[in-house]
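Working notes, beginning with the structure itself.
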Amino acid sequence: MARFGANLLHLRPQILMKTDTGKMESGKKFRGPVKKWCPDYVEETLKTFNNPDKEIVFITHTIYGEEDHKIVAWVKERLQKEGFKNVYETYAGATISCHCGPNTLGILYLNDGDHPIA
């Protein structure tokens, strides 16, 4: 029933990795098509996790439509503007794609300050 309601309302929950427990849990919920929720998601992520190691960031997604793919380019530009040096775009694998569905986007970076490069 919860999945039906989420699909009906086009809800996109933010999935967070808790560093103290190592468990994943739901964060803020975004709503609507990818063009609407993605900029809000990026800004919320940067605001919440505001002590990044800006050496490297990954944009991992299941976005394949040409029109929607423009939002991935926007996310990349936004992260570069934020000061991330190396921004890598990757497609999510089969497990993430099956569980999260189309038009899923994740931003992955370390959030506890600068790290020396080995």
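The values are calculated or read from the model by the stated rules, or taken from the named source; none is laboratory data. Predicted model, so just to flag it, every value in this text is computed and none were measured. Reconstructed Cβ throughout: ideal geometry from the backbone, glycine too, with neighbour counts over all protein chains shown.
It is to be established whether one or more residues within the stretch 40-63 are modelled with pLDDT under 90, more than 11 Å from the chain's Cα centre (by Cα) and over 28 Å from His115 (Cα atoms). Yes, there is a match, as at least one residue in the stretch 40-63 is modelled with pLDDT under 90, more than 11 Å from the chain's Cα centre (by Cα) and over 28 Å from His115 (Cα atoms).
Each row is one residue, and each column tells you yes or no for (1) closer than 22 Å to His115 by Cβ; (2) aromatic (Phe, Trp, Tyr); (3) surrounded by 11 or more Cβ atoms within 10 Å (Cβ to Cβ); (4) in contact (Cβ under 8 Å) with a residue 40 or more places away in the chain.
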{"position": "Lys18", "(1), (2), (3), (4)": "yes, no, no, no"}
{"position": "Ile71", "(1), (2), (3), (4)": "no, no, yes, no"}
{"position": "Gln80", "(1), (2), (3), (4)": "yes, no, yes, no"}
{"position": "Gly83", "(1), (2), (3), (4)": "yes, no, no, no"}
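For the stretch 39-56, filtering for residues that are in contact (Cβ under 8 Å) with a residue 24 or more places away in the chain and touching a Lys or Arg at 6+ places or on another chain (Cβ under 9 Å) leaves 8.
Taking the criterion of being under 19 Å from Pro39 (Cα atoms) and either without any contact (Cβ under 8 Å) to a residue 24 or more places away in the chain or not small (Gly, Ala, Ser) (or both), the residues of the stretch 92-108 that qualify are Cys100, Pro102, Asn103, Thr104, Leu105, Ile107, Leu108. Regarding the stretch 48-66, can at least one residue be identified that is exposed (fewer than 14 other Cβ atoms within 10 Å of the Cβ), within 25 Å of His10 (Cα to Cα) and β-branched (Val, Ile, Thr)? Yes, the stretch 48-66 has at least one match.
Scanning the stretch 46-92 for residues that are among the acidic types (Asp, Glu) and over 24 Å from Gly27 (Cα atoms) yields Glu55, Glu66, Glu67, Glu77. Of the strands (runs of 3 or more DSSP E) lying entirely inside the stretch 1-117, those carrying at least 2 residues that are touching a Leu at 6+ places or on another chain (Cβ under 6 Å) are 24-31, 56-61. Confirm whether Val42 is among the aliphatic types (A, V, I, L, M) and closer than 15 Å to Leu11 by Cα. Criteria not met by Val42.
Within the stretch 34-82, count every residue that is touching a helix residue (DSSP H, G or I) at 6+ places or on another chain (Cβ under 8 Å) and of a type in the set (Lys, Arg). Final tally of qualifying residues: 2.
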